[in-house]
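Report on the following structure.
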Amino acid sequence: MGTRSFRTSAGVGLHVQIDGEIDGEIHGAGAGRGDVPGGPAAPVTVILAHGWTLDSRSWGPVARALTEGPPGRLPPRVIRYDHRGHGRSELPARADMTIDGLADDLAELIAEFAPTGPVVLAGHSMGGMAIMALAERHPELLASRVAGVALVSTASGGLADTNLGLSVRMLGLVRKGEAKLAEAAWVDRRAALSRRPALLVPAMRVLLVGKGADRGALRITSRCLADCRPAVMVGFRPTLNEHDRDAALAAFDHIPTEVLVGTSDKLTPVYQSRRIVDTARRARLTLYPGAGHMLPLERVDGVVGRLRGLVETVAERVAETAADGARELVVDQLSRGSSGSGPARATPAGT
């Protein structure tokens, strides 16, 4: 795994992790495999964007699985990163904690780390919203570079009205907790829970994960949440409430798009995903019975399967284009060789 740092034009340093081919060498799970001995370069780049109050660790199991297989095929290069303010990325000014800003960061990250070749984007929760904002703010980039999209446990709008599947009393307690955080000092610090992430598990079972979530999903989720700065939780809440990008979904009409959601998701319920596929005509909806909001951790195999399908479709298209180009080159060379010298003669193989 290669770790990089990247400073955006907004002046915010982002933490970036890359699995797969980097500068001509294979890193991460694909390193040392007989079918990818130091090259060739991966035909497709997958970029994974995480959710609100999480970080790139929430995509870790998916990233590893994507770069491990299937056997005999060159794996994609996988890039995951921490959004501004999240994980090991720098804390921006409060006014810059917006989904628009996340979309701009994503556009610059593509230009920096995947300047050529097809890209598959996958966004979980707020990461999916950033992809929708990318379509709105950078339509030319989406049209020219993005060959596949996965929108995972996310929404195109209406988040201010969700009740999180809670009773009126419980929802009131959650809102009061957010209000207290908003009153706290605006400092670049980690939550006190960063030293005791296990204290978050009961709340996670209520809000974030389905009943069948394993220990690994709980451990990674609690670690991400415990390490999140309180300022980030508070700072991004207004932009989530204001998020309304149904119109932007038309940009996905010509891009293979997977929409994935768990049937027990309380933060972005199934009806939110149905709203997306009702507008994005190319999108395909997949439901995961019993899964909660943390789909990339709760249903790793299912999410990897859909992403791998997108990658293989794109890779096949790249191979077909390359073959067409090679055929055109041969025809051109033959036509040049035969001009003015009569019909070209076939050369026996091996000579």
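The values are calculated or read from the model by the stated rules, or taken from the named source; none is laboratory data. In this text the structure is predicted, and so the values were computed from the model without any measurement. Don't worry about glycine lacking a Cβ; one is built from the backbone with ideal geometry, like all the others, and counts go over all protein chains shown. What goes into the accessible areas is simple: the full protein's heavy atoms, side chains included, and nothing from ligands, DNA or RNA. Shrake-Rupley method; radii C 1.70, N 1.55, O 1.52, S 1.80 Å.
Brief remarks follow.
- Elements of type helices (runs of 4 or more DSSP H) contained in segment 151-258, each with 3 or more residues being within 23 Å of LEU48 (Cα to Cα) and modelled with pLDDT of 90 or more: 215-227, 230-242
- Test: residue in segment 51-71 that is free of Cβ contacts under 8 Å to residues at least 60 places away in the same chain, more than 13 Å from the chain's Cα centre (by Cα) and closer than 20 Å to ALA114 by Cβ: yes
- Some residue of segment 11-20 being under 19 Å from ALA122 (Cβ atoms), at pLDDT below 95 and of a type outside the set (A, V, I, L, M): yes
- Of all residues making up segment 280-309, the number that are crowded, with 24+ Cβ neighbours inside 10 Å and either within 15 Å of the chain's Cα centre (by Cα) or modelled with pLDDT of 95 or more (or both): 11
- Taking each residue of segment 109-128 that is within 14 Å of VAL261 (Cα to Cα) and assigned to a strand (DSSP E or B) and looking for partners that are aromatic (Phe, Trp, Tyr) and at pLDDT 95 or above with beta-carbon atoms closer than 9 Å, six or more apart or interchain, yields ALA122/TRP59; HIS124/TRP59.
- Across segment 103-131, the number of residues qualifying as open to solvent by less than 10 Å² (accessible area, probe 1.4 Å), touching a helix residue (DSSP H, G or I) at 6+ places or on another chain (Cβ under 6 Å) and of a type outside the set (Gly, Ala, Ser) comes to 6.
- Number of the condition not met by ASP23 [criteria: (1) within 29 Å of ARG219 (Cβ to Cβ); (2) at pLDDT below 95; (3) open to solvent by 10 Å² or more (accessible area, probe 1.4 Å)]: (1)
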